[in-house]
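Heads up, the thing below is written out as structure tokens.
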Amino acid sequence: MPHPMKMELGQWQTAGNAPLIAERGDRTLAIEAKGLVKRFDGFTAVDGVDLEVPEGAIYGVLGPNGAGKTTTLRMLLGIIDPDAGLRRVLGSERPHEVAHAIGYLPEERGLYPSMKAYEAIAFVGALRGLPLTEGRIRGRALLEEHGLGYAADRQIRQLSKGMAQQVQLLACLVHEPRLVIFDEPFSGLDALNQGKLERMMRALAERGTTVIFSTHVIAHAERLCDSVAIIAGGKVPFAGPVDLARDRIRPQVRLETRRDDGLWRGAIPADARRERKADGSAFWYFPLPESGIEPLLRALIEGDAGILSLSIERAGLHDAFVAIAGEAAARALEENAEEPGR
Amino acid sequence: MLQASLIIARRDFSAILFSRSFFFFLLGPLFPLIIGVVAGSVSNKVESAAARPVLGLAMTASDAKAMIAAGKALEGGLGNAAPEMTIIRSVSPGEKIDAAQVLKEQRGNIAAMLTGSPRAPLLTGTEGQIAQWRGPVSLIAAQALGNGPQTFPEVALASTATSTASERTGRMRTAQAGQTLLFLLTMMLAGMVLSNLVEEKANKIIEVLAAAVPMDAVFFGKLFAMLAVSFVGIAVWGSVFGGAAMLSGQSLSMFVTPAVGWPLFIALGVTYFAMAYLLLGSVFLTIGSMASTVREVQTLSMPVTMSQLVVFFFASFAAAQQGSMLAFAAEAFPLSSPFAMLARAAQDGAVMPHLLALGWQAVWVALFVRYGAKLFRSRVMKSGPASVKPKRSLFARLARDSGSPAATHAG
């Protein structure tokens, strides 16, 4: 899945030796994890995960089923404790101490079926320290704001699955948290509501709220995230800005020439893919040479190749994922994403 | 943590109170009541065996020995009518003793005192008891004198208002009534506590709770809610039984006043009920939390009920042997401690042991909840690929570290 964005010549950089953890700069970290390990029954579900999530960022956790995403998020939330490693969430090593500033949407959604929608929101808020009366007022207001005001007094069991999911989403935001963690937030949502959720996540980040979400769908991460962590087999082979992930693989050159042969052919890498056309012209696809684009251009012009078009396409996040996590993980990710409801 | 517990308790309390199942919960005591009556009759038999009245002897050593030997000799002929005798005090010839005072001071199961000599025996005790033993004592005294059956010494009688034995037997009944009531109340809660976390797991809200508050707070919240519900039940049933008792002219006077007095006994009863519930509840909540379905909970109900019965019978049996190692064991073992201590309150007026016991029980409640919450977090709130977690039965999961179907199989 090549990324359509075209880059100016010389802007790209190889990042083969780039640090796995992005430079934090002067930004405060909402989450810092070092060497998190979690074992279940002798099986290592998470094996030395390092994460640094700056405050106010939209951060994606990418990986197929069983990669360790949910376990990592649960450790960050304090639902389970790591067997080894350190975690610091909003400055605290005990996540429950800052629970009032965290919102969480678990992958397996659930609310008490007999509760009314606005009460369910207030209840979750109360668990996070928001007074019940205030939670009820905010619950009604949130439902109204998101077009669900008519359902405020309905019991959860009377709502459709999608509506109940939206209620739970609002419930995890009612106390205005500084950090929200969504585990597979897009699963089970139709395209319309997925778009709505993306807008909501951007709005949260604009307000300074840190948003972390796990997903199988790379497109969501690519559209939303400043940074991502790629998890495969319980390890994090990459964590950092999306651009840095893309830069882990070379951009692809897409060249169209009037002629398909000549002295200039020597400048084109031997492993380039060629598509001949009936009129004698040809398309060439190859990774950008390490020497850069200028020597190639010079050879093409001097050899009179007849350049019809030339573009350098930056790698997409999907390609980066394949390069970083491996083909098997990428295939598993695609299979997960194709599952119904995912 | 307390605030979080109260939020969960409040939710659970109102959810249960305004549900249809609460009606059935209120009907619940009818069923264990029947079991209680049966259990009570078993306990009565235990009590009659354990609390057999004894005749205390305060005579010269030779007279006492002669009486005991004669009693043994006549045992076959007299059967159960022959009193069991024990030497309370050896007296010098001519020494006068206050038999009524000696009887009052006895801590054992001494129902009457025999003083004087085999030639002129004096039987001191409650009217009913000395009337019952007058004939056998005369026979035994004749045997002790070697007079044969034709010449029976006259047994002088001195009646007292009460004896250690009659008071002890009465208090024993009070203790057993208290224990039985405590057992019934805790028993009717067990099923509800077992299934308490199944709702959260079925609704998948457990993760929302676990992420927001420590699991200990979830456990405490649920226990407090059920305790509050049970107090509502007690208030309802207490009013019903109290009203019925008043209408039929019955009152607490049908029981002997417990050693600590009625007000403190009732207060201790309520406190020990709360402790018994919290102790058993925390264990059952943990066991139930490992279950994923109502069917698994139903499977658990029988062994749980049986284990409750074992605890009850242990405490009940120990109650008849106050001061023994067995009684101490029942008082020290956390799960039987509230039952055993309530029985103690009926039979022993000392207050300090109750304060110590309540502290001891509170420590165990905290430990059970802490361990239960830890177990729940480590066993249930796990994630990972389904393929690495073979599905095992509930019992296997409880017995050892293993996967739970309730755990989400996500990345």
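Readers should treat all values here as calculations from the given coordinates under stated rules, not as data from a laboratory. What you see is a predicted model; the values in this text were computed from it and never measured. A quick note on method: Cβ atoms are made from the backbone with ideal geometry, for glycine too, and the neighbour counts reach across all protein chains shown.
Can you list the HN-Hα couplings for region B:57-65, worked out from phi with the Karplus curve (6.51, -1.76, 1.60; θ = phi - 60°), rounded to whole Hz and with x for Gly and Pro?
Working through the residues one at a time gives 10, 10, 9, 5, 4, 5, 4, 4, 5 Hz.
Taking only the C-alpha atoms, wrap a convex hull around region B:53-162 and report its volume per residue in Å³ as a whole number.
87 Å³
Please check: in the Gaussian network model of chain A (C-alpha springs, under 10 Å), which one of A:52, A:184, A:290 has the largest mean-square fluctuation.
Evaluated over chain A, the most mobile residue of the options is A:290.
Where nothing but the Cβ of Lys and Arg (+1) and of Asp and Glu (-1) is charged, how large is the charge dipole of chain A around its Cα centre, in debye to the nearest 20?
Roughly 600 debye, rounded to the nearest 20.
Please report the projected area of region A:252-313's Cα convex hull averaged over all directions, in nm².
3.7 nm²
Cut-off is 10 Å between beta-carbons; in what order do A:161, A:69, A:235 appear when sorted fewest neighbours first?
Going from least to most buried by this count: A:161, A:235, A:69.
For residue B:364, what charge total do you get from the other residues with a beta carbon under 13 Å from its beta carbon, if Lys and Arg give +1 and Asp and Glu give -1?
0
On a 0 to 90 degree scale, rounded to 10, what angle separates helix A:191-206 from the longest Cα axis of chain A?
80 degrees
log₁₀ I(q)/I(0) of region A:125-173 at q = 0.14, 0.21, 0.24, 0.29 Å⁻¹, via Debye over equal Cα point scatterers, no solvent, to two decimals?
The Cα Debye sum returns log10 ratios of -0.31, -0.70, -0.90, -1.19.
Order A:215-228, B:222-235, A:302-315 from most to least packed using the mean count of other Cβ atoms within 10 Å.
The peptides rank, most packed first, as A:215-228, B:222-235, A:302-315.
For chain A, please report how many Lys pairs fall under 26 Å Cα to Cα, leaving out neighbours fewer than 8 apart on the same chain.
11
Provide the descending list of Cα extents for region A:73-188 along its principal axes, expressed in whole angstroms.
Principal axes ranked by extent give 47, 30, 22 Å for the Cα atoms.
Could you grab the relative contact order for chain A? Cα pairs under 8 Å, six or more apart, rounded to a whole percent.
24 percent
What is the local net charge at residue A:280, summed over the other residues whose Cβ is closer than 10 Å to its Cβ (Lys, Arg +1; Asp, Glu -1)?
+1
Taking the Cα centre of region B:53-162 as the origin, how large is its charge dipole in debye, to the nearest 20, when only Lys and Arg (+1) and Asp and Glu (-1) carry charge on their Cβ atoms?
About 120 debye.
In which sequence would B:24, A:43, A:286, A:213 go, from the one with the fewest C-beta neighbours within 10 Å to the one with the most?
Going from sparsest to densest Cβ surroundings: B:24, A:43, A:286, A:213.
Counting Lys +1, Arg +1, Asp -1, Glu -1, what net charge surrounds residue A:33 among other residues with beta carbon under 11 Å of its beta carbon?
-1
Which one of A:291, A:262, A:252 is farthest out on the positive end of the charge dipole of region A:252-313, using unit charges on Cβ (Lys, Arg +1; Asp, Glu -1) and the Cα centre as origin?
Of the listed residues, the answer is A:262.
Does region A:27-85 classify as rounded, prolate or oblate by the C-alpha gyration tensor (a ≥ b ≥ c root eigenvalues; a/c under 1.5 gives rounded; else a/b over b/c gives prolate, otherwise oblate)?
prolate
Which value, in debye to the nearest 20, gives the size of the charge dipole of region A:252-313 about its Cα centre, when Lys and Arg are +1 and Asp and Glu are -1 at the Cβ?
Using only the charged Cβ atoms, the result is roughly 160 debye.
Could you calculate the FRET efficiency of residue B:78 with residue B:19 from 1/(1 + (r/R0)^6), where r is the beta carbon distance between them and R0 is 60 Å, rounded to 0.05?
Efficiency at R0 = 60 Å is approximately 0.45.
Over all residues in B:1-13, what is the mean tally of Cβ atoms on other chains that come within 10 Å of each residue's Cβ?
2
Looking only at region A:309-323, which residues have a backbone nitrogen under 13 Å from a spot 7 Å from the Cα of residue A:258 in the C-beta direction?
Once the point is set 7 Å along Cα→Cβ of residue A:258, A:309 turn out to lie under 13 Å by backbone N, inside region A:309-323.
Taking the inverse of the average 1/r across all pairs of different Cα atoms in chain A, what Kirkwood radius in Å do you get?
22.2 Å
Can you tell which of A:121, A:308, A:173 lies farthest toward the positive end of the dipole of chain A, using +1 and -1 charges on the Cβ of basic and acidic side chains (Lys, Arg; Asp, Glu)?
A:121
Between residue B:245 and residue B:360, what's the calculated FRET efficiency when r is the beta-carbon distance and R0 is 60 Å? Round to 0.05.
0.95
I'd like the Karplus ³J(HN,Hα) series for region A:311-317: coefficients 6.51, -1.76, 1.60, θ = phi - 60°, whole numbers in Hz, and an x wherever there's a Gly or Pro.
9, 10, 9, 6, 5, x, 5
Considering only DSSP beta bridges whose two residues both sit in region B:53-162, what percent are antiparallel, to the nearest 5?
25 percent
In nm, to one decimal, how far is the residue B:60 label point from the residue B:156 one, both placed 7 Å along Cα→Cβ?
1.7 nm
Can you sort B:18, A:123 so the residue with the fewest Cβ neighbours within 10 Å comes first?
Result, fewest neighbours first: B:18, A:123.
Would you please give the FRET efficiency between residue A:55 and residue A:114, computed as 1/(1 + (r/R0)^6) with r the Cβ-Cβ distance and R0 = 22 Å, to the nearest 0.05?
So the FRET efficiency works out to roughly 0.05.
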